[in-house]
Each structure stands twice: as structure tokens, then as C-alpha cells.
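These notes concern the structure reproduced below.
Derivation of every value follows stated rules applied to the coordinates shown; laboratory data play no part. Being a predicted model, the structure only gives us computed values, none of them experimental. Cβ atoms come from the backbone with ideal geometry, glycine included; neighbour counts cover every protein chain shown.
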Amino acid sequence: MARMYPRELPRHVLENPKLSSEVRVYERMRDKLPGDYNCYYSRSWHEADRDGAEFDGEADFIVAHAEHGLLFLEVKGGRVSCREADGQWLSEDRDGFKFRIKNPLSQARSSKHHFLKRLNASRALSGRFVRARHGAILPGSARPRRALAPDAPLEIIAFGDDMETLDRWIVHRMTEGDDHRESALGLDGLRALEGCCQTNANWSLYDVKGPNGAPTTMPR
């Protein structure tokens, strides 16, 4: 079983139907991935550029392995599609109602860049080009015949068809490609990532709502 952070999901997350896809992914990771994988759920982040503009985001999942590196994942429920005319991403619920959603791959990519900045600023990983990937998981969507969008090739998205073997998909996504510049995350990198995630909890609330709708931090 993978090492999960938090070790258990709070009741208000488990009982929230809007988070059912994330809960399903959490349980698959926990039960299917080997014990040398660390999986972080719902890690919010905040940063500001040199001009003072502030940016916020959340990584639904960060998967870390000492040898294979990092994988940043965004989860979207419902039947997900991308409108070809304007590139707007949509999710269709059980009642057939479609609503706009953010580009899951852009969200995962932004989280990847943020945490890599944080890690590269640490002494542990200074100057190291760590292997890092991003992707999306769409548990309620069937795999289409062609890419959903120009920046959404099928190989970086897991669909409902992949849920039973999600562990294999994750390992493949983390290990595919051959770039000689990339290096392993290492045990020191795992510790640095854990420090980043713990630090985030001190200055940013996780984007999960409590019983009364108020933001709440996730316990480890």
C-alpha cells in the first residue's frame, strides 16, 4: 500500500458527492500502488511574481517516488470534454447538465512548476533536474478515439477505463520518456517535498470545505 498524506480522509470529504471522484482515486492509489510511493492529496499553494501579482492553485494529487520522480495530477468528475470551437473544458453530470471547468492539464502543469520552484530553492535539490510529469484523471469519462485538445494527448490522461489498473498507468506515466538530463528525486528529495507540503499547510488552506462550508486544513 502507498503512503498516503493524509493517512485517512475526513468524513466530510468522504460524504461529499462533489468529491467522489477524488475519493475513488485516493482509494485506488492507496490500495494499488506499492509502499515506496508517497501520495499527497489536496495540496494548495500560493505564490507571487516580481510585480506582486498573486497566484493560487491546488494539486489534487502529488505522487512521489525516490527513483521515478514526481507526478502531478488533476481529477475531474463527470463526463469531461473540451469544446473544439473555443477550447472551453466542460463536465456533464448525471442529469445531462453541462458546466464549465478549468483545463485540468493546465492546473496540473501549474502545480508542477510551482512545486519544482520550491524544491529547486531547497539545498537538497539545488541544481538537480528532477524527473517530473503531469496529467489528469477523468474517472467518469470513457477514453475517446482522439485527443481532447492540442495540449491533452491521450497518453497523459487516465479515463474510467484505466481505473482498475490505475497503478500501472501512474507508474508508466512517471517512467515513460528518456531524457538523460533527468535525475532521480532521491530520499532527500522526498524529505524536501514533505517539507514543502507541510509548509503549505501553515500559510495556505487546502481547498476542501468543512461541514459548514468553511475552508479547513487537511490533517496528515
Quick one: R168, R11, R118, R28, fewest Cβ neighbours within 10 Å first, how do they rank?
R11, R168, R118, R28
Just to confirm my numbers, what's the Cα centroid distance between segment 1-62 and segment 142-164 in Å?
21
Is it possible to state the helix-based mean residue ellipticity at 222 nm for the chain, with each DSSP H run of 4+ residues giving -39500 (n - 2.57), the sum divided by total residues, to the nearest 500 deg cm²/dmol? What is it?
-9000 deg cm²/dmol
Dipole of the chain (Lys/Arg Cβ +1, Asp/Glu Cβ -1, origin at the Cα centre): which of G69, S141, S42 lies farthest to the positive side?
S42
If Rh is defined by the Kirkwood formula over all Cα pairs and Rg also comes from Cα, what ratio Rg/Rh do you get for segment 1-117?
1.00
Can you tell me the dipole magnitude for the chain around its Cα centre, using point charges on the Cβ only (Lys, Arg +1; Asp, Glu -1), in Debye to the nearest 20?
140
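Could you work out the Rg to Rh ratio of the chain, with Rh taken as the Kirkwood radius (inverse of the mean 1/r over all Cα pairs)?
0.95
Just for segment 21-176, what percent of DSSP beta bridges are antiparallel, to the closest 5?
75
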Take the alpha-carbon positions of segment 69-189, form their convex hull, and give its projected area averaged over all directions (one quarter of the hull surface) in nm².
8.6
